[in-house]
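Every number here is computed from the coordinates shown, using simple stated rules; none is lab data. Since the structure is predicted, the reported quantities are computational estimates derived from the model, not experimental observations. Note that we place each Cβ from the backbone using ideal geometry, even for glycine, and neighbour counts take in every protein chain shown.
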Amino acid sequence: MLTQNDIKIIEEIIEEKLTDKIKFLPTKDEFYSKMDEVVGELKASREAFELHTGQHTRIDDQLDNHDKRIKKIEQHLHPSTLPAA
């Protein structure tokens, strides 16, 4: 059976171990500051990705437009040499 002294020693050991582990954790302010920074970077990355995707859509549309125009010109200049589309 444990004595009061044994329990006190166990509590002190546990408190010492917890204190050693907790000292490496950031404070609440440090944590929230870092999270604000990370969320800001994530938001910027998402916005950049959306812009990049929009540019690809615009380029794809422009390529389709050019392809149609080139085919029309080719059909007009060389109607007998092109296969029917």
I'm trying to understand the selection: among the residues of segment 14-31, which are of a type in the set (Val, Ile, Thr) and either in a loop (DSSP other than H, G, I, E, B) or surrounded by 10 or more Cβ atoms within 10 Å (Cβ to Cβ) (or both)?
Ile14, Thr27
Within segment 32-45, identify whether any single residue is surrounded by 10 or more Cβ atoms within 10 Å (Cβ to Cβ) and assigned to a loop (DSSP other than H, G, I, E, B), and answer yes or no.
no
